[in-house]
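Step one of this worksheet: look at the structure below.
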Amino acid sequence: NAGVTQTPKFRILKIGQSMTLQCTQDMNHNYMYWYRQDPGMGLKLIYYSVGAGITDKGEVPNGYNVSRSTTEDFPLRLELAAPSQTSVYFCASSYSGSPSGNTIYFGEGSWLTVV
Amino acid sequence: QQQVKQSPQSLIVQKGGISIINCAYENTAFDYFPWYQQFPGKGPALLIAIRPDVSEKKEGRFTISFNKSAKQFSLHIMDSQPGDSATYFCAAVGYSGYALNFGKGTSLLVTP
């Protein structure tokens, strides 16, 4: 059972560069999420998707973009990387949208450093 | 603004002891309160969750106590083991919400 798979695991970016964090899930979940985790700050929602072709902003969307062309994939694009985007990024998915009562499954994370 | 406040930030407990982590919230629309466990280098994983219509939920050594009037809930780990050493996050969400509102996390170390 692969679950939620993220790549790359680690990446160092220079200021101003762009990159895409890949996320795929094999659980046929409709809902997918991107969170960032900063030390001592918990997890904050960047973007989420309720299904293929539908995405919406979370709490901290600035500097990021997403797309959802298939049920399985939900890539996160960082445009013009800034040091403030140094963080651990987690992709997650759930069967239905409201987390209330539905388990959210997280990937193992992608460590990004912007220098 | 942090919608869920979690304490303590870190906790050291001896093997066999009780670990207690507390959370508080303000939004009365929250109706689902999960706890996540995260080991180093891994993503968070759901540990146990509760709804406000019950005051306590127990699963093995893990218990959530919920005080609706005080808007507080806590995680108790009985007979704590070194393997329980991890970061624990409380969270809250309302029925119509998509985003889990996480606390800042508690780093638990259980010493042998």
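Values computed for the structure shown
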| read-out | value |
| --- | --- |
| Net +/- balance of residues flanking A:Val115 in space, Cβ distance below 15 Å, scoring K and R +1, D and E -1 | +2 |
| Volume of the Cα convex hull of the range A:4-114, divided per residue and given in Å³ | 89 Å³ |
| Ranked A:Thr5, A:Thr70, criterion: other C-beta atoms within 10 Å, fewest first | A:Thr70, A:Thr5 |
| For the range B:68-80, 3J(HN,Hα) per residue [Karplus equation, 6.51 cos²θ - 1.76 cosθ + 1.60, θ = phi - 60°, Hz, x = Gly/Pro] | 5, 5, 8, 6, 9, 8, 9, 10, 10, 10, 7, 6, 4 |
| For the protein assembly as shown: Kirkwood Rh in Å [reciprocal of mean 1/r, alpha carbons] | 18.0 Å |
| Gained length - A:Thr86 relative to A:Lys14, 0.36 nm times residue gap less alpha-carbon distance | 24.8 nm |
| Exposure proxy order (Cβ contacts within 10 Å, fewest to most) of B:Asp31, B:Asp53, A:Asp56 | B:Asp53, A:Asp56, B:Asp31 |
| Euclidean distance of C-alpha centroids, the range A:55-115 and the range B:56-95, integer Å | 26 Å |
| Neighbour-count ranking [beta-carbon atoms within 10 angstrom, fewest first] of A:Phe90, B:Phe39 | B:Phe39, A:Phe90 |
| Length-normalised contact order of the range B:4-111 in % [C-alpha pairs under 8 Å, at least 6 apart] | 38 percent |
| Radius of gyration, Dmax [chain B; alpha carbons; angstrom] | 13.4, 43 |
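FYI, it's all coordinate maths here, none of it is from the lab. Bear in mind the structure is a predicted one, so any value in this text is a computation, not a measurement. All Cβ positions, even for glycine, are placed from backbone atoms using ideal geometry, and neighbour counts span all protein chains on display.
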